[in-house]
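One structure is given here, and the rest of the page talks about it.
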Amino acid sequence: MNRTAVTNTKRSYHPLVVFFYYAKLLSAEQLDQIPKTTIDYWKLTPHANMFGYEWVSSFYDNYEDFNSIQKHKIIFKSARLCCKLFTTFSSFSKEIKSYTKIFKNNVATVIQTIDYLANEIPLDKACRVFNISTQKFYRLKNKLYCSASVLNHCFKTHPQQLTIAECSAIKEAINDSDNERKKLATIWYKLLREGRLFCSRSTFYKYANLVSERIKKLNYEKTKHSISSSRIFEYIHIDTTLLPTLYDGTVRAVIIKDNFSKKILHYGIVDSGSSTWIAKLLEELFVKYQLHNYPEPITIVSDGGSENKGSVNIWLENLNSPLISKQTAKTKEFIYTNNEIESTFNIFKNEFLYNKEISDKEHAKKLLAEFQLYNDNERYPLMLYGLTPQEVFDGAIIDKNRFKENIRQATKTRYLKNKEGKFCDMCSEK
């Protein structure tokens, strides 16, 4: 009688089965299929003492959460979706144009986010979201960013930065509705003269652009072939522009300006673009300031328009003075521009008249008179180093080092004040 040989072979379990057993992720039906002797063996196995246990211990510590995720399909799908979005965002961020600049400008937010994520996931994984290493994270964190600082730098670690009070003064001045259309240089000099702030112009521009709520930044305009004068009445600029009114149509405004002091010497609303009116205004100017016998040369600078010829040339010839001449801007004989008067019209229209309407000719004359006072007494052109045009015209000496000592003292005081300050949690711990 032949007997069929029965061979009993020992099962070899997949590594994940053992892993799922220890994580308590196996169902009751699955446990029934595993021999009791095998389960007893697994129970007696000191897996916590095995090499590499610390690599996977985080999974065991949170096995209940993983078990819940596996049992609930919607949670499991959400977790997979988050992983996919995590990977995609990390990949995209590498290709974003100017990503480095965006990252630098928001470094404080990035560090706070990574600190938050590190409470839930490993630090290196949180850093990977923003494509930085843990070493770079600690390097950035050691710079001690501070939410109280405009630059996000700790005041104690970076004491050279402007103080909170100085930044507040800049922010208040820049975002003041009365300064909305003013040049940054005028605002800077006004703060210097009022003693509210002492810093260099480049520093002021840097902070102004950071705290400004303006839609359009107003920057210092660099000009080419500008005239440089050393005294009043050396160069006198004249030009006209058209102004729309509500009831009288378009009227023509004329402004005459001194190059050295930047003061508006004379102005008027004329009936037409005829040179007769320009000659009349020039004669009124010469009478007003007694320039007919002025002992030094006077050059009248204008553009090549017809209003600056004809009667103007005749008037000039009748003066019969070798010290008084007229030059046409941007010509071979006189390469310099008439930008001094052109920029004045730009200030008049875009800074002074912003959101204002001119009703008629008489209203235009009134606004021109108000603009003369504004230009001569409230503006601080860069070349005057903190003086108004009227002050220079009256004899004030232009001093480019006028605020140098104040700025030097403010720098020293600022350093000591910031060094002693405790404005953020990190510098408070030191």
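The table below lists the values:
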{"read-out": "Between segment 230-255 and segment 259-324, the Cα center-to-center distance that results, in Å", "value": "13 Å"}
{"read-out": "From phi via Karplus (6.51, -1.76, 1.60), per-residue ³J(HN,Hα) for segment 265-276 in Hz, x at Gly/Pro", "value": "7, 7, 7, x, 10, 9, 6, 7, x, 5, 5, 4"}
{"read-out": "Cβ-Cβ FRET estimate between SER229 and THR87, R0 fixed at 60 Å, reported to 0.05", "value": "0.35"}
{"read-out": "Computed lengthening from LEU16 to ARG408, 0.36 nm per intervening residue step minus Cα-Cα distance", "value": "134.1 nm"}
{"read-out": "ASP32 accessible area, 1.4 Å probe, all protein chains in place, Å² to nearest 10", "value": "130 Å²"}
{"read-out": "FRET E, pair ASN293, THR113, Förster distance 60 Å, beta-carbon r, rounded to 0.05", "value": "0.20"}
{"read-out": "LYS288, LYS365, reordered so the largest accessible area comes first (probe 1.4 Å)", "value": "LYS288, LYS365"}
{"read-out": "Tensor-based shape of segment 279-430 (alpha-carbon gyration tensor, a/c under 1.5 rounded, otherwise prolate or oblate)", "value": "prolate"}
{"read-out": "Net length gained if the chain between LYS366 and LEU242 were fully extended (0.36 nm per residue, minus Cα distance)", "value": "43.1 nm"}
{"read-out": "Residue pairs, from the table LYS280/LYS365; LYS190/LYS262; LYS141/LYS417, whose Cα atoms sit over 20 Å apart", "value": "LYS141/LYS417"}
{"read-out": "Peptide ranges 369-382, 318-331, 254-267 listed from the most packed, as the mean C-beta count within 10 angstrom indicates", "value": "254-267, 369-382, 318-331"}
{"read-out": "Vicinal HN-Hα couplings computed from phi for segment 28-33 (Karplus, 6.51 cos²θ - 1.76 cosθ + 1.60; Hz; Gly/Pro x)", "value": "4, 5, 6, 5, 5, 7"}
{"read-out": "Cα-projected label distance for ASP124 with GLU29, points at 7 Å along beta-carbon direction, nm", "value": "3.9 nm"}
{"read-out": "Per residue convex hull volume, Cα atoms of segment 315-359, in Å³", "value": "129 Å³"}
{"read-out": "Exposure rank, largest accessible area first [VAL56, VAL110; 1.4 Å]", "value": "VAL56, VAL110"}
{"read-out": "For segment 108-189, size of Cβ-based charge dipole, Lys and Arg +1, Asp and Glu -1, in debye", "value": "380 debye"}
{"read-out": "Residue-level accessible surface for TRP188, protein heavy atoms, 1.4 Å, Å²", "value": "20 Å²"}
{"read-out": "Surface accessible to a 1.4 Å probe, LEU416 within the full protein complex, Å²", "value": "90 Å²"}
{"read-out": "Distance violations [Cα-Cα > 27 Å] among LYS326/LYS404; LYS183/LYS309; LYS263/LYS356; LYS309/LYS330", "value": "LYS326/LYS404; LYS183/LYS309"}
{"read-out": "Spin-label pair ALA148/LYS419, simplified geometry with 7 Å Cα→Cβ offset, distance in nm", "value": "1.8 nm"}
{"read-out": "Accessible-area ranking of HIS237, HIS153, largest first, probe 1.4 Å", "value": "HIS153, HIS237"}
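The values are calculated or read from the model by the stated rules, or taken from the named source; none is laboratory data. It should be emphasised that the depicted structure is a prediction, and the values quoted were computed from it without experimental measurement. Virtual Cβ from ideal backbone geometry, glycine too; neighbours counted across all protein chains shown. Accessible surface areas use protein heavy atoms only, side chains included; no ligands, DNA or RNA. Shrake-Rupley method; radii C 1.70, N 1.55, O 1.52, S 1.80 Å.
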